[in-house]
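This report refers to the structure that appears directly beneath it.
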Amino acid sequence: MTDHEETPPSAPPAVDYERLYRGDEVFPGVAIDRPPWDIGRPQPLLLDFERAGRIVGEVLDVGCGPGDTAIHLAGLGYRVTGLDVAPTAIEQARARAAEHGVSATFDVADAAILDGYDACFDTVVSSALLHCLDPEQRVTHVRALARVLKPGGRLIQFCFLRTDHAVLYAPHPITEQQLRSAFEPPTWSVTTLRTDRLEVARPVGAMSSGFAQNGFEPEFTEAGAMLLPVLVLEAQRI
């Protein structure tokens with residue numbers, strides 16, 4: 001069995017992202033006021049890619065959540081579409097775009113399917129999405145990404161790296177080999193694959209307790225954001 005085919009010994013419970021964005025109980029006794037990836041601004045990693053000229057043309061923000069990445073890019077003049085499986089996340093994204101006075105398209109869509117967007121985009125940005133998908137969903141998601149990108153289009157993706165403690169904050173953390181196997185020729189050409197850190201909100205409640213019980217002590221920025229290890233992928237659709 002290859003690395004990308006292996007499955008965890010016990011599958012983590014499925015997360016209902018619509019309930020999460022509504023602030024309802026996600027698991028018995030566990031409700032989250034605000035998703036930890038909602039930091040109210042785009043990830044610094046994404047800003048670096050934009051400043052380097054790696055984002056071009058028609059842009060898809062897949063798994064856009066409340067829309068901060070799409071809103072930032074739209075404010076810079078990009079034509080951006082944001083898609084998310086949770087209707088409440090899309091409502092929040094549209095409201096935030098209106099508050100910022102920018103124009104972006106936000107719609108509900110399943111990231112594992114992405115019907116109706118064939119060859120529409122020059123760039124796809126994906127932040128903290130892939131590790132939310134189970135192994136079967138990952139396979140169909142990667143196929144969908146190849147379908148919605150124009151030939152020569154670019155994917156920029158950040159997903160949580162599998163580490164000793166990653167299951168405390170990610171349903172399906174990813175290994176480097178799994179990522180290389182998913183994005184391979186003849187469909188993809190990997191330009192960049194490296195580790196870095198993603199900023200997320202400081203843990204509270206059940207997440208904070210789980211970290212303490214398992215001896216996990218994450219790093220924090222001076223501003224108080226938690227830093228978690230991610231795999232940074234840039235790949236071209238061949």
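Brief remarks follow.
- Within a Gaussian network of the chain (alpha carbon springs, distance under 10 Å), most fluctuating of Ile156, Ile55, Ile39: Ile39
- Rolling a 1.4 Å probe over the protein heavy atoms leaves Glu25 with an accessible area of roughly 90 Å².
- Packing-based ranking of 202-211, 162-171 yields 162-171, 202-211, ordered from highest to lowest mean Cβ neighbour count within 10 Å.
- Residue-count net charge about Leu114 - beta-carbon cut-off 15 Å; Lys, Arg +1, Asp, Glu -1: -2
- Identified option (computed Cα extents along the principal axes in Å; candidates [x] 78, 39, 31; [y] 49, 47, 33; [z] 44, 38, 33): [y]
- Mean separation of Cα contacts under 8 Å, 6 or more apart, over the residue count of the stretch 92-238: relative contact order %: 26 percent
- The calculated FRET efficiency for the pair Ser209 and Leu76, based on their C-beta separation and a Förster distance of 41 Å, comes to about 0.55.
- Considering helices alone, the calculated mean residue ellipticity of the chain at 222 nm is -8000 deg cm²/dmol, with DSSP H runs of length four and up weighted by -39500 (n - 2.57) and normalised per residue.
- Candidates Ser189, Ser127, Ser181, ranked by Gaussian network fluctuation over the chain, Cα under 10 Å, top entry: Ser181
- Annotation: extensible slack from Ala223 through Arg143 equals 25.0 nm (criterion: 0.36 nm per residue apart, minus Cα-Cα distance).
- Distribution of pairwise C-alpha distances over the stretch 60-109, 5 Å bins, in %: 5, 31, 37, 20, 6, 1
- Overall dimensions of the stretch 114-238, expressed as equivalent-ellipsoid semi-axes from the Cα gyration tensor (√(5λ), whole Å, largest first), are 30, 14, 13.
- Max mean-square fluctuation residue, GNM over the chain, Cα-Cα springs under 10 Å, options Gly63, Gly53, Gly77: Gly53
The values are calculated or read from the model by the stated rules, or taken from the named source; none is laboratory data. Everything quoted here is computed from the prediction, not taken from an experiment. Here Cβ is always computed from backbone atoms with ideal geometry, including for glycine, and neighbour counts include all displayed protein chains. These accessible areas exclude ligands, DNA and RNA; they are computed on the full protein's heavy atoms, side chains included. Shrake-Rupley method; radii C 1.70, N 1.55, O 1.52, S 1.80 Å.
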